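Okay, so here's the structure we're looking at.
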């Protein structure tokens, strides 16, 4: 089996609240935020008929698809950078465009924060005096409610899902030491703790499953490839935190993609099975000292750091044999640097990881103000770390003071909020929205539907995530001043309903 | 404290005498503490007022 190029992307559900709004409704507020960002640009419907969230990767067939909440799908914007911005589960959600590698995925994830910051500012203009809107890139309200940060990876359909699961459970449990964004306290009935590494760990209750909102599983089986299902699976990873740190999103996505590539070529050794997977998730998160160990199936014990060194070792060997790109080399170097520093002194990573940066800040406040862990001020610091407003957000204050390392400039992030990635089909989607937005009636990850003024709508499928990039379609777009020209050039000229053309 | 007393002498791995300027080290330490104090002051100026009420009212609907 040869590995499939790891097209990647992230999805973020943001926390939302309005201060001094007695009738605050998160669905209405989220809709306001998204509509404000969209302004007067064309609304593009998201075509749901292509999605099948009830399909299960284990091959058990269908479970009933979750009933769409009344608001879902009503507010939807497809951005010129190829991303989707919409209301999901009473939260504003940004789904990044398909990215070519982890560095690009981290960049477009940050672009999503900028989009939400701008949207929030636009929406705030219609609020009454004294009311203030807040958008947080976090995953928990500290009261037992969690909302997601998901990652997506294109993997080879031929890879047996069971094999994937055995490797991923210990990997996901241990990678929390560099994927966590930090949280004061615990939730969901887990043991009390002052501070823990992740926002999400308390909410995982199953090993493998289809759910994403209840009884969340460590490995999610949603099988909705948004691509040719005979070739690809889209691994939908729900066990991660939203990260503010650029390094952290880069490492989280990069390390996971490399592990998946290595699994595809049989490059990992025998899986290290955890004796108690679900318990291991919160045990790792509840130990900021990184000293506790997890029981393995064979009765031995290993720390999260040891498990991660194991995976890094495996992946480094894979890299030696198969070769890696410059970006993947940077992932390996970053991975090694973070593990080395976490082992030496977790606090030494406070310039690169959210959970250690936040802990450092909380410790300094505890010292200066003599605060107990239960102090509301510490909870506020925890929350405000995640505010996407660059004046208020404490992550952004750390950046402004030169205390967090960055991978991108502001100018790069601003560009990514507008322009699509150039090496995936997101380029075609984003460019079409930019050029022919008025003629696009519906969009999805794997198709665009045009109304070019003829009897039938024209559907342009995009089943191959790596096709539709700049090198393949820039000339075509240049030669097509109108959407009708584009559809004609793609070969869908006969006007029949359901006419299919392909930008590749 | 006299300038002379701030200097301590120790031997490095090769046995040479190394003079450490405690004065300089203290200054760096003070500068760092000052910077942290400035950072906390800056954060104080942007922190939401009435922390208890804000945190108490921050309730989200569960999502994915």
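A few points about this structure:
- Of all the listed residues (A:130, A:144), the sole one being at positive phi, within 14 Å of chain B (Cβ to nearest Cβ), free of Cβ contacts under 8 Å to residues at least 60 places away in the same chain and assigned to a loop (DSSP other than H, G, I, E, B) is A:144.
- Restricting the first member to region A:21-33 and to residues that are within 18 Å of residue B:62 (Cβ to Cβ), and the second to residues that are part of a loop (DSSP other than H, G, I, E, B), the beta-carbon pairs closer than 6 Å and six or more apart or on different chains are A:26/A:90; A:26/B:61; A:27/A:71; A:27/A:90.
- Candidates A:330, A:362, A:307 - the one that is in contact (Cβ under 8 Å) with a residue 60 or more places away in the chain, assigned to a helix (DSSP H, G or I) and within 14 Å of chain B (Cβ to nearest Cβ): A:362
- Subset of region A:174-214 (residues that are crowded, with 24+ Cβ neighbours inside 10 Å and over 14 Å from residue A:288 (Cα atoms)): A:200, A:202, A:203, A:204
- Only one entry in A:345, A:354, A:333 is within 28 Å of residue A:398 (Cβ to Cβ) and surrounded by 14 or more Cβ atoms within 10 Å (Cβ to Cβ), namely A:354.
- Of the criteria (1) at pLDDT below 95; (2) within 28 Å of residue A:116 (Cα to Cα), which one residue A:254 fails: (1)
- Unmet requirement for residue A:402, which otherwise passes all of (1) part of a loop (DSSP other than H, G, I, E, B); (2) assigned by TED's automatic domain parsing to the domain that holds residue A:246; (3) touching a helix residue (DSSP H, G or I) at 6+ places or on another chain (Cβ under 7 Å): (3)
- Filtered residues of region B:38-64 (kept if assigned to a loop (DSSP other than H, G, I, E, B) and at the interface with another protein chain (Cβ under 7 Å from one of its Cβ atoms)): B:47, B:48, B:58, B:59, B:60, B:61, B:62, B:63, B:64
- Index of the failed condition, residue A:391 passing every other in (1) more than 9 Å from every other protein chain (Cβ to nearest Cβ); (2) without any contact (Cβ under 8 Å) to a residue 12 or more places away in the chain: (1)
- Within region A:89-100, the set of residues being surrounded by fewer than 24 Cβ atoms within 10 Å (Cβ to Cβ) and either over 18 Å from residue A:33 (Cβ atoms) or assigned by TED's automatic domain parsing to the domain that holds residue A:430 (or both) comprises A:100 only.
- Any chance residue A:336 is outside any loop (DSSP other than H, G, I, E, B), free of Cβ contacts under 8 Å to residues at least 24 places away in the same chain and under 20 Å from residue A:269 (Cβ atoms): no
- Sole exception among (1) farther than 20 Å from residue A:27 by Cα; (2) surrounded by fewer than 24 Cβ atoms within 10 Å (Cβ to Cβ); (3) in contact with a helix residue (DSSP H, G or I) (Cβ under 9 Å, 6 or more places away or on another chain) for residue A:157, by number: (3)
- If you filter region A:339-348 down to residues that are in a helix (DSSP H, G or I) and free of Cβ contacts under 8 Å to residues at least 24 places away in the same chain, you find that the one that is farthest from the other protein chains (Cβ to nearest Cβ) is A:340.
- The condition of being in contact with a strand residue (DSSP E or B) (Cβ under 8 Å, 6 or more places away or on another chain), surrounded by 19 or more Cβ atoms within 10 Å (Cβ to Cβ) and modelled with pLDDT under 95 holds for only one of A:148, A:73, that being A:148.
- Of the criteria (1) in contact with a strand residue (DSSP E or B) (Cβ under 7 Å, 6 or more places away or on another chain); (2) more than 14 Å from every other protein chain (Cβ to nearest Cβ); (3) buried (at least 24 other Cβ atoms within 10 Å of the Cβ), which one residue A:239 fails: (2)
Yes/no matrix, rows are residues, columns are (1) more than 23 Å from the chain's Cα centre (by Cα); (2) within 14 Å of chain B (Cβ to nearest Cβ); (3) surrounded by fewer than 23 Cβ atoms within 10 Å (Cβ to Cβ); (4) modelled with pLDDT under 95:
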position	(1), (2), (3), (4)
A:371	yes, yes, yes, no
A:382	no, yes, no, no
A:406	no, no, yes, no
A:414	no, no, yes, no
A:419	no, no, yes, no
A:422	no, no, yes, no
A:425	no, no, no, no
A:434	yes, no, yes, no
A:438	yes, no, yes, yes
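The values are calculated or read from the model by the stated rules, or taken from the named source; none is laboratory data. Bear in mind the structure is a predicted one, so any value in this text is a computation, not a measurement. Ideal geometry is used to build each Cβ from the backbone, glycine not excepted, and the neighbour counts take in all protein chains shown.
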